[in-house]
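The values are calculated or read from the model by the stated rules, or taken from the named source; none is laboratory data. Keep in mind it's a predicted model, so treat the numbers as computed, not measured. Here the Cβ is made from the backbone with ideal geometry for all residues, glycine too, and neighbour counts use every protein chain on show.
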Amino acid sequence: MNSASKRGFTLLELLVVLVIMGLLASIVFTFIARARQSGGDAGVKSNLNTVRTQMELYHTLNGSFGSAAFVAATCPAYNAGGTNAFASDKKVNDAIAQATLNGGGINRCESTTSTWAVAVGLKTDPAASWCIDSRNVGRRVNLTPTAAISGAQCN
């Protein structure tokens, strides 16, 4: 009489369980990556809202957005003696830098003495930007930051 019973799982059963666990893990990691990217975009929007507030404070205190226009280019580094709010206002400069870090790593600034605009690339879509300007515009633009601004306004 053979009364020995088998205990445990067969190799095939273990492999099936491992495959299922691997599939579930890949699905979870995909959702985590998307959430992280969406969080980066939320950081861009939040920091650019800070820029908007600071630019209005700068204008209230100084009567303009700077003594000289800033031609559309990568946003300048902080310079206390700068001739525009992007460079001379530390809070504006820090918020743009943080938005750029949260987003796609590319930014664009442009200003005149009476208008301004900032665009930062989005993490979820490298071909799109979040753009704000002195007209109180704040929106997604389906262009890279280098093309999202013209005439110190969002396109």
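At-a-glance table
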{"quantity": "Residue list for the range 96-110, restricted to those being surrounded by 23 or more Cβ atoms within 10 Å (Cβ to Cβ), at pLDDT 95 or above and among the small types (Gly, Ala, Ser)", "calculated": "Ala99"}
{"quantity": "Matching residues, the range 119-136, being aliphatic (A, V, I, L, M), out of contact with any Phe, Trp or Tyr (no Cβ under 8 Å at 6 or more places or on another chain) and within 19 Å of Ala69 (Cβ to Cβ)", "calculated": "Ile132"}
{"quantity": "Unmet criterion (only one of (1) over 23 Å from Arg34 (Cα atoms); (2) in a strand (DSSP E or B); (3) without any contact (Cβ under 8 Å) to a residue 60 or more places away in the chain; (4) not polar (S, T, N, Q)) for Arg135", "calculated": "(2)"}
{"quantity": "Considering residues of the range 51-65 that are surrounded by fewer than 17 Cβ atoms within 10 Å (Cβ to Cβ) and not charged (D, E, K, R) only, the residue nearest to Gly121 (Cα to Cα)", "calculated": "Thr53"}
{"quantity": "Which numbered condition Ala35 misses (of (1) surrounded by 11 or more Cβ atoms within 10 Å (Cβ to Cβ); (2) part of a helix (DSSP H, G or I))", "calculated": "(1)"}
{"quantity": "Per-region count, the range 1-60, residues of a type in the set (Ser, Thr, Tyr) and either more than 24 Å from the chain's Cα centre (by Cα) or at pLDDT below 85 (or both)", "calculated": "7"}
{"quantity": "Qualifying positions in the range 70-87 - assigned to a loop (DSSP other than H, G, I, E, B) and either of a type in the set (Phe, Trp, Tyr) or crowded, with 17+ Cβ neighbours inside 10 Å (or both)", "calculated": "Cys75, Tyr78, Gly82"}
{"quantity": "Residues of the range 100-114 classified as in contact with a Gly (Cβ under 7 Å, 6 or more places away or on another chain) and over 23 Å from Ser64 (Cβ atoms), total", "calculated": "5"}
{"quantity": "Those residues of the range 63-95 which are at pLDDT 95 or above and of a type in the set (Val, Ile, Thr), in sequence order", "calculated": "Val92"}
{"quantity": "Matching residues in the range 100-117 - criterion: being touching a Phe, Trp or Tyr at 6+ places or on another chain (Cβ under 8 Å) and not in a loop (DSSP other than H, G, I, E, B)", "calculated": "Cys109, Glu110, Ser111, Trp116"}
